[in-house]
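To keep things clear, I will list the structure first and then write my remarks on it.
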Amino acid sequence: MKLVIDESRCKGCNLCTMVCPYHIFQEGDRLNERGIIVPRLDRPERCPNCRLQKLYGRRLCGACALICPDQAIHWDEEKPYEAQKVVIEY
Amino acid sequence: MSFEDWFREDRLPHIYCTGCGNGTVINCTLEAVEQMGWTVDDTVFISGIGCSSRAPGYIKTDSLHTTHGRALAFATGVKLANPRLHVVVFTGDGDLAAIGGNHFIHACRRNIDLTVVCMNNMIYGMTGGQGSPCTPVGAISTTTPYGAAEPVFDLSELAVTAGANYVARWTSYHVRELTKAVQAGLETPGFSFIEALTQCPTAYGRRNKLRQVSDMVQYLRTSVILVQKIQRMRERGEPVPEDKIPVGEFVRRNRPAMGVQK
């Protein structure tokens, strides 16, 4: 699975940067074509939902998608799906 | 299926301001409805007037966008006309507490099988930031330019006293807890009331030195205290902080409910 921010919906409130336990969402620094500073993704493959959703068969964590007031965060299916080796720091 | 499937994709993005907490509360409510396994055909969302009441317009189910403060009156009609429908009411503090106060206490008293999600943003956001019954003491709004002097209306306490079967309060920052509270409210037969304190950076924060969304959310996080913690402090005889807002589950009981299908 792949973590995606929908730039056509995001209004740049940066609420996702407050809730992610891995600090994957970082405050962005450039305006997009709608004049909104969309958060930047810092190594999104660390997200537990990206890594383990297939294994558990349900949505894990998902706090960013729940708190996003503009429904801009979702996970895309990756094809072909390939396992990635990631380093998790706490 | 997840809560995203309940949204009308053609209506998004919605009109809420940047950082408005109402979108979060809709997410949590839809996630809870999804967890209950209800379908689009047997669920009805009802709302009154205000920012919060725009919510059913973005949801696929049948909905009623009614007159100011009368969402509960319409919801009572829907529920009693067809008890098979699951009725969820979205409402705001100005809608529920100010103009619809009487409907609210009588809906609690009758204990109709409804779930009411109140997005309490402590101000009238849509009409330009007038003070509401839930504006904190000392807060600046367009109708209280020297700071609100009136005591705050505690909606959850009111619902407990008036006889609701399930009452809980969370903030829009506590998404998991809010989802669980809404789900418990949907499961409970009888009137269940969930108050969600939401941030309003545009109308409330701008006038109260909380202009950034993160400042406003931080304010919500730091100004709440768990009811269990208050109980523990009372048992130990410690002084309970007066300025904090209690959050958590206030009551869960089984008074005889109206409109429940036998």
ask   = Across region B:176-187, what is the number of residues that are surrounded by fewer than 19 Cβ atoms within 10 Å (Cβ to Cβ), within 19 Å of B:Leu155 (Cα to Cα) and away from every other protein chain (no Cβ under 12 Å)?
value = 1
remark   = Among residues of region B:54-95 being touching a Lys or Arg at 6+ places or on another chain (Cβ under 9 Å) and among the aromatic types (Phe, Trp, Tyr), the residue farthest from B:Ala196 (Cα to Cα) is B:Tyr58
message = Condition first: crowded, with 21+ Cβ neighbours inside 10 Å and among the small types (Gly, Ala, Ser). Now tell me which residues in region B:130-172 satisfy that.
response = B:Gly131, B:Ser132, B:Ser141, B:Ala148, B:Ser156, B:Ala159, B:Ala164, B:Ala168, B:Ser172
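For region A:64-90, give me each residue that is farther than 15 Å from A:Lys2 by Cβ, at pLDDT below 90 and of a type in the set (A, V, I, L, M, F, W, C).
First, the residues of region A:64-90 that are farther than 15 Å from A:Lys2 by Cβ: A:66-71, A:85, A:87-90.
Add one more test, that the residue is at pLDDT below 90, and what stays is A:85, A:87-90.
The answer is A:Val87, A:Ile88.
I'd like to know if region B:39-48 contains one or more residues that are among the acidic types (Asp, Glu) and either within 14 Å of chain A (Cβ to nearest Cβ) or not in a helix (DSSP H, G or I) (or both). Let's see the steps before the verdict.
Taking region B:39-48 first, the residues among the acidic types (Asp, Glu) are B:41-42.
Checking which are either within 14 Å of chain A (Cβ to nearest Cβ) or not in a helix (DSSP H, G or I) (or both) leaves us with none.
There is no residue in region B:39-48 that is among the acidic types (Asp, Glu) and either within 14 Å of chain A (Cβ to nearest Cβ) or not in a helix (DSSP H, G or I) (or both).
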ask   = Of the residues B:Cys20, B:Cys51, B:Cys28, B:Cys108, which is touching a Leu at 6+ places or on another chain (Cβ under 6 Å) and either within 12 Å of another protein chain (Cβ to nearest Cβ) or closer than 18 Å to B:Ile194 by Cβ (or both)?
value = B:Cys28
request  = Mind telling me which of the residues B:Arg255, B:Arg232 ends up being charged (D, E, K, R), under 20 Å from B:Val160 (Cα atoms) and outside any strand (DSSP E or B)?
outcome  = B:Arg255
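Answer yes or no: is there a residue in region A:77-87 that is more than 12 Å from every other protein chain (Cβ to nearest Cβ), touching a helix residue (DSSP H, G or I) at 6+ places or on another chain (Cβ under 6 Å), among the hydrophobic types (A, V, I, L, M, F, W, C) and closer than 26 Å to B:Cys28 by Cβ.
No: zero hits.
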message = Name the residue that is surrounded by the fewest Cβ atoms within 10 Å (Cβ to Cβ), counting only residues in region B:1-13 that are more than 7 Å from chain A (Cβ to nearest Cβ) and either assigned to a loop (DSSP other than H, G, I, E, B) or of a type in the set (Lys, Arg) (or both).
response = B:Met1
message = Kindly evaluate B:Tyr16 against the criterion of being in contact with an Asp or Glu (Cβ under 9 Å, 6 or more places away or on another chain), of a type in the set (Ser, Thr, Tyr) and under 30 Å from A:Thr17 (Cα atoms).
response = yes
query = Restricting attention to region B:58-74, which residues are under 24 Å from B:Gly94 (Cβ atoms) and more than 14 Å from chain A (Cβ to nearest Cβ)?
reply = B:Ser63, B:Leu64, B:His65, B:Thr66, B:Thr67, B:His68, B:Gly69, B:Arg70, B:Ala71, B:Leu72, B:Ala73, B:Phe74
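Go through region B:208-219 and give me each residue that's part of a loop (DSSP other than H, G, I, E, B) and within 12 Å of chain A (Cβ to nearest Cβ). Steps first, answer last, please.
Here is the first cut: in region B:208-219, the ones part of a loop (DSSP other than H, G, I, E, B) are B:208-212.
Selection gives B:Gln212 alone.
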query = For region A:18-41, how many residues meet the condition of being within 10 Å of the chain's Cα centre (by Cα) and within 13 Å of another protein chain (Cβ to nearest Cβ)?
reply = 3
request  = Specify the residue that is surrounded by the most Cβ atoms within 10 Å (Cβ to Cβ); the eligible residues are those in region B:67-91 that are of a type in the set (S, T, N, Q) and more than 17 Å from the chain's Cα centre (by Cα).
outcome  = B:Thr76
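The values are calculated or read from the model by the stated rules, or taken from the named source; none is laboratory data. All values derive from a computational prediction rather than experimental measurement. Backbone-built Cβ (ideal geometry, glycine too); neighbour counts: all protein chains shown.
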